[in-house]
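Throughout, read-outs are computed from the coordinates displayed, never taken from laboratory work. In this text, all values refer to a predicted model and were calculated from it rather than measured experimentally. Using ideal geometry, Cβ is built from the backbone for each residue, glycine included, and neighbour counts are taken over all protein chains shown.
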There are 2 protein chains.
Amino acid sequence: MSRRDEVLTAAIELLDEVGLDDLTTRRLAERLGIRAGALYRHFENKRALLDAMADRIAAEGGGHPQPEGDWADQVRVMAIGARSSMLAHRDGALLMATFYLPGAAAVAAWKGFIVVFREAGASARLAALSVDTIVCYVNGFTIEEQARKTTPPTAVSRRIRDRDFRAGLEVVIAGIDATLRRPELKAKRSARSRDKPYS
Amino acid sequence: MSRRDEVLTAAIELLDEVGLDDLTTRRLAERLGIRAGALYRHFENKRALLDAMADRIAAEGGGHPQPEGDWADQVRVMAIGARSSMLAHRDGALLMATFYLPGAAAVAAWKGFIVVFREAGASARLAALSVDTIVCYVNGFTIEEQARKTTPPTAVSRRIRDRDFRAGLEVVIAGIDATLRRPELKAKRSARSRDKPYS
DNA sequence: ACCTGAACACCGTTCAAGT
DNA sequence: ACCTGAACACCGTTCAAGT
């Protein structure tokens, strides 16, 4: 394990303890028993450190689809896993949303989704559209869920949020299913105003 | 126009010029010709200022549905409007996602969506599910779109992103449509493992 | 290779005091 | 009501110098 990896591990531990706002180069250095300036041996700047943290959290999610079940089941497992890996760390969703360059783990998860949709019979274009829609829903849900600090997360509210997340996920899956089965609808509705004369 | 509103206007202008990272109480004060400490007469702290900024941006979007078209058309207009109002300001999506208490404008937009789905025949529960799904998709898409700073946004890439956004929006709408027309499916798939014996 | 020491140019926030 | 002046406890980052 390189020194860089040790710094990264300490950074994620500190994130869980104090949150993104208080994740400071000086506090991280203190936890490592060094001075803040020494961190710049391992990361070009704080932004690069945050990018690396986001990619490690994405890797913890494990983007590999399960071999059993139909495409919808596989999407469910992967979407729930993506949300879990973000919720597993304080401010995880916000961190993932604001890191700029997608790292190796994020790319692997994206490719896993693509494979599932391709095997379900989607064109390359429809597969890309489907994964984007799923990912945007998952990220949007989890960011809002985790950013909203009105009430501390209790066990009961977590259960309700899980149920709401799954219900919305079913809506998105139903939309992908409908689009998959009726590919001729892909280009519809591109010019709404032209419908008027016929209505 | 109260002094508080003038401060708010200056803050949004500064946001557009320098971005969220460089939106500083000291820079905002300089733009207003005062000292940073004086800002605390008008806002309890920086977080409260950011909340007020987010709510003003939400208000610019105008959450009122158009009277013409079916529910899907109204959802399209409102979703595209919500994205536009976030894109209209630098880091607008991130700002909206990280403000804690939803303000008056955000609540009004949410109620506008609910009305549309209720008039389309949705139960209160399904209407809430539908608006959450749409909003999560819109926010997730726009946050990623705006946060990703790999390439500066050119006119051509904006057109492509508009098309991708609308395509994913159609997928979500198709999913809501399917759920609306088959309400008996709402509780399906709640226990996947129990299906096994029958397959 | 990894770190220290010290500095630079900043932050958000508070508060007595002014007008 | 609104603002100043001055302070407090912090930031991210750089860089010569040490080992």
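Points worth noting:
- Pairwise label distance in nanometres, A:Ile114 with A:Asn45, each label 7 Å out on the Cα-Cβ vector: 3.0
- Loop sites in the range B:1-49: GluC sites (Glu not before Pro), DSSP, at most 14 other Cβ within 10 Å: B:Glu44
- Going from the residue with the fewest nearby Cβ atoms within 10 Å to the one with the most, A:Ser130, B:Ser85, B:Ser2 rank B:Ser2, B:Ser85, A:Ser130.
- With its label point defined 7 Å out from Cα along the Cα-to-Cβ axis, A:Ala59 lies at 4.7 nm from the matching points of the other copies, in increasing order.
- Residues B:Asp5, A:Asp177, arranged from fewest to most other Cβ atoms within 10 angstrom of their Cβ, appear as B:Asp5, A:Asp177.
- Peptide A:128-136 has a mean of 6 when you count, residue by residue, the C-beta atoms of other protein chains within 10 Å of its C-beta.
- Its Cα gyration tensor gives the range B:1-75 an equivalent ellipsoid. The semi-axes, each the square root of 5 times an eigenvalue, are 32, 13, 10 Å from largest down.
- Placing a label point 7 Å from Cα along the Cα-to-Cβ axis, A:Gly121 is separated from the same position in the other copies by 2.7 nm, shortest listed first.
- Full-stretch length increase - A:Arg163, A:Arg27 - with 0.36 nm per residue and alpha-carbon distance subtracted: 45.2 nm
- Exam field: A:Ala48 pseudo-label spacings to other copies (7 Å along Cα-Cβ), nanometres: 4.0
- With eigenvalues of the C-alpha gyration tensor scaled by 5 and rooted, the range A:42-178, Å: 25, 21, 12
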